[in-house]
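Here is the structure we will look at, set down as structure tokens.
Rule-based calculations on the coordinates, nothing more; no lab input. The shown structure was predicted, so the numbers you read here are calculated from the model rather than taken from an experiment. Heads up, the Cβs are rebuilt from the backbone with ideal geometry, glycines too, and the neighbour counts pull from every protein chain shown.
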Amino acid sequence: MKNLKKMKYLLLDLDGCVYGKHNNYPLEQVFGQVSKRMTKFISERLKINMQEAKELQKNYFYKYNTSLNGLMIHHDIPPEEFLSYVHAIDLTFMKEDKVMRNELELLNMNKFIFTNGSAKHAENILTHLGIYDLFGRDKIFDIQDAGYVPKPEAKTFDLMVKKFGINPEETIYVEDIAKNLSIGYERGCATVWLINDEHFGKIDSDKDYISYKIENLSLFLKEIRLLKSK
């Protein structure tokens, strides 16, 4: 991990990354709610049954990297309406992650969020985890910033780099979806896959464009901090 010592920027995915099994919030607890609301939205908007809606949702996700992308391409669905509806979820179970907050505060790096979700969803998650103030809207790149073109598209990554003013070659990029790291590696990032058992997350997790594999984000942040202190 020696080459991580001089890195200046930390780029974090949101769902399944800042929260997950590593801080006792499995993806299903949050994204399971989002997924159900997606199915309901698709069913009602396209006037198809729930089973057909679920299948369409899944197919679009695999083909277009987000279900929304497919819905926009094939059904002209207004993205803001969709995002507002699917992200209206209950996060009362989610508590502050004081361990992660401590590590983020102590880590001498500029920190950013890079998500295929909405900024409002990111704010909701980060607020419940007690770390939103460490980011704020200016340090979140969401799907609207991307023109609704999801990761891992190269132009989306490049827009993110431009917004944040970061140098990929000085950036540690952490994701739970392995294939999203491909463009980061191509641009020079140190890429980190947060190990998980999600089928979509594991796809391409054996590729050479993954520099590191970790099981716990807070522990990884601590390791970087200690490395920098030497």
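Structure summary
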item	result
Positive-end extreme of charge dipole, the range 28-86 - chosen from Y60, G32, P79 (charges on Cβ)	G32
Calculated FRET efficiency for the pair Q144/K5, C-beta based, R₀ 45 Å, to 0.05	0.85
Extension gain, S84 back to K230 (0.36 nm per residue minus Cα-Cα distance, nm)	48.0 nm
Among 190-198, 159-167, 72-80, 144-152, the order from most to least packed when residues are scored by Cβ within 10 Å on average	190-198, 144-152, 159-167, 72-80
Correct option for Cα extents along the principal axes in Å [calculated from the coordinates] among (i) 46, 44, 30; (ii) 60, 36, 31; (iii) 51, 47, 45	(ii)
Difference of contour (0.36 nm per residue) and Cα-Cα distance, K213 to E169	14.0 nm
Mean Cβ neighbour count within 10 Å, used as a protection proxy, ranking 16-25, 96-105 highest first	16-25, 96-105
